[in-house]
1. Regarding segment 151-292, what is the average projected area of its C-alpha convex hull, in nm²?
2. If eta is 0.692 mPa s and T is 37 °C, what Stokes-Einstein diffusion coefficient results for segment 283-382, Kirkwood Rh from Cα pairs, in µm²/s?
3. At 24 angstrom or more along the helix axis (alpha-carbon based) and mean Kyte-Doolittle of -0.5 or higher, what helices does the chain contain? Whole DSSP H runs only.
4. Could you work out the relative contact order of segment 276-383, using alpha carbon pairs under 8 angstrom and six or more residues apart, expressed as a whole percent?
5. Report the extension gain between residue 244 and residue 376 in nm, rounded to one decimal, defined as 0.36 nm multiplied by the number of residues separating them, less their alpha carbon distance.
6. At residue 53 and residue 157, where each label point lies 7 Å from the Cα along Cα→Cβ, what is the point-to-point distance in nanometres?
7. Which of 137, 119, 172 sits farthest toward the positive end of the charge dipole of segment 111-188, with +1 on the Cβ of Lys and Arg and -1 on the Cβ of Asp and Glu?
8. With N denoting the number of residues in the chain, provide Rg(C-alpha) divided by 2.2 N^0.38 Å, to two decimal places.
Amino acid sequence: MTAPWSQRLAERAASHRARGLWRTRPTLSPAEALRDFAGNDYLGLAADPRLAEAQAEAARRCGAGARASHLVCGHLEVHEALERRLAALTGRPRALLFSTGYMANLGTLQALCDRYTPVFQDRLNHASLLDGARLAGAPSRRFHHRDLADLERLLARAPHDAPRLVVSDGVFSMDGDVADIAGLARTCRAHAAWLMIDDAHGLGVLGEHGDGCAGRAHGVDEVPVLVGTLGKALGSAGAFVAGDEALIEHLIQFARPYVYTTAQPPGVAAATLAALDLLAAEPERRARLQARITRFRREAATLELPLADSATPIQPILLGDGARTLRWAARLRDAGLRVGAIREPTVPRGEARLRITLSAGHDDDALDALLEGLAACRREEHA
Ligand SMILES: *Cc1c(COP(=O)(O)O)cnc(C)c1O
């Protein structure tokens, strides 16, 4: 490596390590014994053999890869079928498939906004939404978390004669709380702004049909731009944007992260279609998940754990200090449990937390073990 580069990398590494922020990736084998309370497989679909079989069958029939981008010759019937299903699920005229949620957000913001388009973002929005505004060169104005009055104030100050976009997570990924979709929609209407909701963690979990927090209950008039991801509750991979004909055609023409990338493998789309079948056919998965959430919150409260105010499968334990959070996570790992240890920069400094996620795939034994592990963490701190 040439000297300026090795120096730059070494300096970044040293400062990151010195701040205790260096991250490593655990390498998991399929037989991994840890009980997983860190992932986003809320319905327990990721390992369902019916998804794997759908994926394998489509790969045998269509090939392992899509061969090209959607606009060249990579847009296959299975992609088209999936887009129709996602539009129907969310109650939108159309949907457009992306390879990842990160790219869906980059592509949507880049295609809709330019440097004259103010983007109003909840302070706790996902990194991909902030990065999308950056890719567009659009100025992001951040409003206080779930604070409609603060959003109002910012909107009132911005010029009214140009398009403006308000953007929010549906379910906040590190907190588990849910945006006030109706309130946001009302505020946007009053200021002639568009509302974009990223429902990565709501899709499959919330809504009467698993259609998320901004699905059929809030149509295109309220939420013109809806993003959902397929690698979380649906256990597969990819993402989509749902909206009206004009929006989707605009994205097909102008969203560079859509245009200049290979279409997702047909097997992945087929697995997602299988997941959507199961979402409709097995509503008991969502009921089971809800029962897990209720039980966890009830018993964690009796342990006097610093729970967040969340009714979703994302149940953070707000420990505050990064080192303390790592200690608890390590203690739980020794007990055979994996939880997320979330620190800055993912959350603000001083707001480190265990990010515990519940799933319909957990049985009572797993939840017993989790609650016992958390109780032990507390006991050791007080010892
Ligand atoms: C996970 C996530 C994404 C990114 O989705 P991927 O498909 O994993 O790239 C986007 N937005 C939010 C809120 C997320 O939690």
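Throughout, read-outs are computed from the coordinates displayed, never taken from laboratory work. Only a predicted model underlies this, so the values are computations on that prediction, with no experimental measurement involved. Backbone-built Cβ (ideal geometry, glycine too); neighbour counts: all protein chains shown.
1. The Cα convex hull of segment 151-292, projected and averaged over all directions, gives 10.0 nm².
2. 239
3. The qualifying helices are 364-382.
4. 28
5. The residue 244-residue 376 span can extend by a further 42.4 nm.
6. 5.8
7. The listed residue farthest towards the positive side: 137.
8. 1.01
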